[in-house]
């Protein structure tokens with residue numbers, strides 16, 4: 001069994017799929033009613049991050065109805081099951097780019113599909129520095145309404161120049177109630193937003209180099225570091241995978257999460273991410289199984305589901321090792 005077949009057979013988790021870029025290009029072509037969108041579909045087939053914002057026009061236009069959204073989530077689950085992905089977290093960022101969309105209706109539609117398919121998928125809602133205060137508070141209220149009922153986390157998307165302490169009206173509530181939230185670390189942590197970062201459950205580590213003091217804090221607070229290494233390279237954050245530090249982090253027992261982030265905009269998926277790791281670092285199948293189990297352990301899901309997923313990964317891994 002070759003590398004690709006090994007990874008395909010192994011039960012996997014994908015902790016970060018963006019709704020806005022998870023729609024397959026085949027389904028997009030089927031659903032679209034605007035010939036001008038052909039150009040956008042073509043862009044989705046290219047690995048060009050600079051066109052990411054442009055490509056968001058596609059899902060915004062075609063996922064605006066419950067019918068289309070239902071088809072898209074079913075299609076996504078089909079593709080995940082085909083690649084043996086047994087658990088995933090779907091980041092609901094569609095309303096971020098179209099204020100006319102009803103966020104609660106979108107949540108309900110997705111949850112109904114997940115329930116019907118009996119698939120292990122949870123929704124992560126997106127707060128953002130691009131949203132008005134009242135819109136962020138509305139999203140936070142929806143999170144609290146659906147928390148542990150299909151919605152299991154909050155992701156805060158911030159501009160590189162925006163300090164997190166400007167959003168204390170959100171994080172005071174999150175920290176006080178011990179709600180699980182995820183941050184993107186694309187700039188240095190400041191003293192003023194230190195508490196916000198160190199209360200996060202996961203941090204998307206987007207810095208091109210290591211900050212040892214910061215990493216010590218992250219490890220001490222049992223925070224998981226999330227990487228989408230193909231995405232980082234496309235953004236010129238990684239010149240050479242082999243010189244990237246992720247292998248050392250795993251060997252030093254940091255909690256690591258490998259995620260696809262997007263499934264079509266960059267033409268990548270979680271299977272390709274693992275292939276990149278295997279091809280560039282001296283990882284073993286045992287290392288990958290350990291990372292995947294750590295992801296499930298840290299996932300905000302009930303113990304019965306968690307133990308069931310871990311058993312599936314271990315059972316298949318034992319047959320392969």
Across (1) at pLDDT 90 or above; (2) assigned to a helix (DSSP H, G or I), residue 318 clears everything bar (1)
Only one of (1) on the phi < 0 side of the Ramachandran plot; (2) within 20 Å of the chain's Cα centre (by Cα) does not apply to residue 84, and that is (1)
In the set 76, 94, the lone residue that is under 23 Å from residue 30 (Cβ atoms) and either modelled with pLDDT of 90 or more or surrounded by fewer than 16 Cβ atoms within 10 Å (Cβ to Cβ) (or both) is 76
Open item on the list: Being over 19 Å from the mean Cα position of the chain (by Cα), part of a helix (DSSP H, G or I), at pLDDT below 75 and surrounded by fewer than 17 Cβ atoms within 10 Å (Cβ to Cβ): is that true of residue 39 here?
Closed with: yes
Checked the stretch 284-304 for anything in contact (Cβ under 8 Å) with a residue 60 or more places away in the chain, out of contact with any helix residue (DSSP H, G or I) (no Cβ under 9 Å at 6 or more places or on another chain) and not in a loop (DSSP other than H, G, I, E, B); matches are 294, 295, 298
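Looking at 47, 99, 64, can you tell me which residue is under 19 Å from the mean Cα position of the chain (by Cα), at pLDDT below 90 and not in a helix (DSSP H, G or I)?
Exactly one of 47, 99, 64 is under 19 Å from the mean Cα position of the chain (by Cα), at pLDDT below 90 and not in a helix (DSSP H, G or I), namely 47.
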Practice task
Take residue 114 and decide whether it is touching a strand residue (DSSP E or B) at 6+ places or on another chain (Cβ under 8 Å), at pLDDT below 95, surrounded by 14 or more Cβ atoms within 10 Å (Cβ to Cβ) and closer than 16 Å to residue 90 by Cβ.
Solution key: no
Can residue 179 be described as within 17 Å of residue 221 (Cα to Cα) and modelled with pLDDT of 95 or more? yes
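The values are calculated or read from the model by the stated rules, or taken from the named source; none is laboratory data. Only a predicted model underlies this, so the values are computations on that prediction, with no experimental measurement involved. Ideal geometry is used to build each Cβ from the backbone, glycine not excepted, and the neighbour counts take in all protein chains shown.
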